[in-house]
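Scroll down for the structure; my scribbles are underneath it.
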Amino acid sequence: MTRRLRRLEWATRYRPVHIHTLLLGGFSPREDSEFLYAPDGEFRGEAAVVLHAIGIATEGKTASTVHGELQTAGFFLGHVSECPLEDGADTEREATWLLRERLPLIATRIRRSLKPKRVALMGGALEPVVEDFVALNLGCPVMLNDGKPFIFDAGDNDAQIARLRQLCGVARIGA
């Protein structure tokens, strides 16, 4: 609970006033170094993948500068479950069940609080719930990669990155 509240504080600090694109993953990463809004600026794992995908360079920049560029560009990264998937979870079946249970809550948060112009689903964990997610009335379009979430650990990264950037209307930010 303490880690979740700390991460909520970090993310809230850099939440754009007007969210142009909500990048939505399934589960928050386990390690703080992979959490995009961590103040140490290691930007590993999910954080590095997301920044690369939307074109924000990190080399030679402080974490605060990178977070500011992300905020100015109108991107915000969230997760259906702000808690990491537990070790020993019954793999995909249990993860899918947990995501489906959280969908009404995240839909309400998207509609009432976040109010993005669009939502981009990211990560393989969301693949089994794409149809459920698209069926929600979010008040904004849901961006997908040929009917699937954007998954940047597959071999097709360049094509997916280009498609995400095209859908978001960005070329390269903060190069």
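The values are calculated or read from the model by the stated rules, or taken from the named source; none is laboratory data. What you see is a predicted model; the values in this text were computed from it and never measured. All Cβ positions, even for glycine, are placed from backbone atoms using ideal geometry, and neighbour counts span all protein chains on display.
Tabulated values for the structure
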item	result
Positions within the range 40-64 being touching a residue at least 24 places away in the same chain (Cβ under 8 Å), part of a loop (DSSP other than H, G, I, E, B) and surrounded by 16 or more Cβ atoms within 10 Å (Cβ to Cβ), in sequence order	Gly55, Lys61
Yes/no for Glu92 being more than 14 Å from the chain's Cα centre (by Cα), under 24 Å from Gln160 (Cα atoms) and among the charged types (D, E, K, R)	yes
Top-ranked residue of the range 15-39 - restricted to ones that are more than 11 Å from the chain's Cα centre (by Cα), of a type in the set (A, V, I, L, M, F, W, C) and surrounded by 16 or more Cβ atoms within 10 Å (Cβ to Cβ), ranked as modelled with the lowest pLDDT	Ala38
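Okay, residues lined up against (1) farther than 23 Å from Val49 by Cβ; (2) under 13 Å from the mean Cα position of the chain (by Cα); (3) β-branched (Val, Ile, Thr); (4) at pLDDT 95 or above:
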residue	(1), (2), (3), (4)
Leu99	no, no, no, no
Arg102	no, no, no, no
Ala107	yes, no, no, yes
Val119	no, yes, yes, yes
Gly124	no, yes, no, no
Val130	no, no, yes, yes
Leu136	yes, no, no, no
Gly147	no, no, no, no
